[in-house]
Amino acid sequence: MQQTILITGATSGFGLACAELFATRGWKLIVCSRREDRLSELRARLPDAAIHTCRIDVRDPDQIKEMLALLPAGFREIDILLNNAGLALGLAPAHQADIQDWDAMVDTNIKGLYTLTRAVLPEMVRRNRGHIINMGSVAGNWPYPGGNVYGASKAFVKQFSNNLRADLLGTAIRVTNIEPGLAETEFSVVRFHGDQAKADAVYRGTKPLTGADIAEIVFWVSSLPPHVNINSLEVMPVCQSWGPFAIHRAPEPELTGCDG
Ligand code: NDP
Ligand code: 8X3
């Protein structure tokens, strides 16, 4: 039987690559994002796919409710919910960051993700079938300067994923948190509010992960035997690793030549 995946944030990056891969593997797609023109392009790119596109902003619970209520026949049984829509905004230290950027990250990465999950889960539980795949990040595992609310939102996604597993014990529903590191998508252009040069500098001289790499991983975790649950999967490109702890050292006291 043809299965159905709902992908949020499918107009670019990981979500787009996942839409393409799952379509070529014969899955039915429900894809949603805010940019209508990109959704039309996706439909044109996948002329043979069974695809339902929906223009929504995951920050709006009413749009989520309406999207699910209006799913056409043949798309109502969701086998995988890929909570991928998300963003980082800014890289400023906490005392200088824009509070509106923080709100947007919380509203998208946390509230959008849990609102859609809450809406989709009851039907999965009723059917005793389904897989919630969340797009976390290394930023949810490891702190870095300027990561403040973005990293904290991904730490939420990680713990929410684990807690879903605790709640769903006794059902056949799987939950996985994918935690990618450096990956070249539109992520950095968005983070730097459209500054392409700044975004390009993030990837200069590296071989970052690609959307296709992440799509392979998402497909793999979903195609394991039904009794196998990958709880979390952290992945970095080979060119990325950890650094030493940062230590601030006070400047050497000035030698004045007298003791007191
Ligand atoms: P992109 O910017 O390329 O893609 C983000 C997608 O999310 C777009 O399709 C965008 O579509 C959608 N989106 C953003 N906000 C909303 C919203 N409010 N409602 C609906 N859709 C929305 O970035 P990535 O593909 O890299 O990011 C995908 C996920 O992966 C994010 O959760 C990100 O945090 C995470 N991630 C990214 C990493 C990286 O280095 N690239 C590493 C680790 C995790 P539209 O603008 O059309 O709405
Ligand atoms: C994206 C990876 O390191 O830029 O989540 O936060 S990072």
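Calculate, for TRP142 and THR171, the FRET efficiency according to 1/(1 + (r/R0)^6) with r their C-beta to C-beta distance and R0 35 Å; round to the nearest 0.05. Please report the intermediate quantities before stating the final value.
Working: r = 32 Å, r/R0 = 0.90.
E between TRP142 and THR171, to the nearest 0.05, is 0.65.
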**Prompt:** By how many nm would the segment from TYR203 to ARG35 lengthen if fully extended, with 0.36 nm per residue of separation less the alpha-carbon distance?
**Reply:** 58.0 nm
**Asked** Got a sec to turn the phi values of segment 70-85 into Karplus ³J(HN,Hα) couplings, 6.51 cos²θ - 1.76 cosθ + 1.60 with θ = phi - 60°, whole Hz, x for Gly and Pro?
**Response** 9, 4, x, 3, x, 10, 8, 9, 8, 8, 10, 9, 9, 7, 10, 4
**Message:** Below 8 Å, C-alpha to C-alpha, sequence gap of six or more: please give me the relative contact order for the chain in percent.
**Reply:** 19
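Test of understanding: what is the full-extension gain from ALA92 to VAL190, defined as 0.36 nm times their sequence separation minus their Cα-Cα distance? Before the final figure, lay out each step's value.
Working: separation 98, 0.36 × 98 = 35.28 nm, distance 1.41 nm.
My answer for the length gained is 33.9 nm.
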**Complete:** Under the 7 Å Cα-to-Cβ spin-label approximation, ARG76 and ASP107 lie apart by a distance in nanometres of 3.2
**Prompt:** Of the residues VAL238, VAL106, VAL218, which exhibits the maximal mean-square fluctuation in a Gaussian network model of the chain defined by a 10 Å Cα contact cut-off?
**Reply:** VAL238
**Message:** Given Cβ point charges of +1 (Lys, Arg) and -1 (Asp, Glu) and nothing else, what value in debye, to the nearest 20, does the dipole of segment 4-235 about its Cα centre take?
**Reply:** 540
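Can you put SER40, SER232 in order, fewest other beta carbons within 10 Å first? Please list the in-between numbers first.
Numbers: SER40 13, SER232 17.
With the sparsest Cβ surroundings first, the list reads SER40, SER232.
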**Fill in**
Site GLN240, offset 7 angstrom along Cα→Cβ, radius 16 Å on amide nitrogen, limited to segment 111-148, gives 135-148
**Complete:** Taking the alpha-carbon centre of each part, the distance from segment 13-75 to segment 95-110 in Å is 26
**Prompt:** By how many nm would the segment from LYS65 to GLN100 lengthen if fully extended, with 0.36 nm per residue of separation less the alpha-carbon distance?
**Reply:** 10.1 nm
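Do the sum for the chain: with -39,500 (n - 2.57) for every DSSP H run of n ≥ 4, divided by all residues, what is the mean residue ellipticity at 222 nm, to the nearest 500 deg cm²/dmol? The partial results should precede the final answer.
Details: 9 runs with 99 residues, N = 260.
Computed mean residue ellipticity for the chain: -11500 deg cm²/dmol.
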**Request:** Provide the per-residue ³J(HN,Hα) series for segment 189-198, in order, calculated from phi with Karplus coefficients 6.51, -1.76, 1.60 and θ = phi - 60°, each as a whole number of Hz, with x at glycine and proline positions.
**Result:** 4, 5, 4, 9, 6, x, 7, 5, 5, 5
**Message:** Cross-link candidates for LYS198: which aspartates and glutamates have Cα within less than 17 Å, leaving aside residues fewer than 8 places away along the same chain?
**Reply:** GLU184, GLU186
**Item:** 5 angstrom amide H check on GLY9, placed H, neighbours 5+ away
**Value:** CYS32, SER33, ALA85
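Translational diffusion coefficient, Stokes-Einstein: compute it for segment 1-148 using the Kirkwood radius over C-alpha pairs as Rh, at 10 °C and 1.306 mPa s, and state it as an integer in µm² s⁻¹.
Numbers: Rh = 16.1 Å.
It comes out at roughly 99 µm²/s.
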**Message:** Spelling out what I want: for every residue of segment 158-169, take phi, set θ = phi - 60°, compute 6.51 cos²θ - 1.76 cosθ + 1.60 (Karplus), and round to whole Hz; glycine and proline get x.
**Reply:** 5, 5, 4, 4, 5, 5, 4, 4, 5, 5, 8, 4
**Prompt:** Can you give me the pair-distance distribution of the chain, C-alpha pairs, 5 Å bins, whole percents?
**Reply:** 1, 6, 12, 17, 19, 16, 11, 6, 4, 2, 1, 1, 1, 1, 1, 0, 0, 0
**Message:** What whole-number distance in Å separates the alpha-carbon centres of segment 211-241 and segment 124-142?
**Reply:** 12
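Coordinate-derived values only; no laboratory data. These numbers were taken from a predicted model, which means no experiment stands behind them. Heads up, the Cβs are rebuilt from the backbone with ideal geometry, glycines too, and the neighbour counts pull from every protein chain shown.
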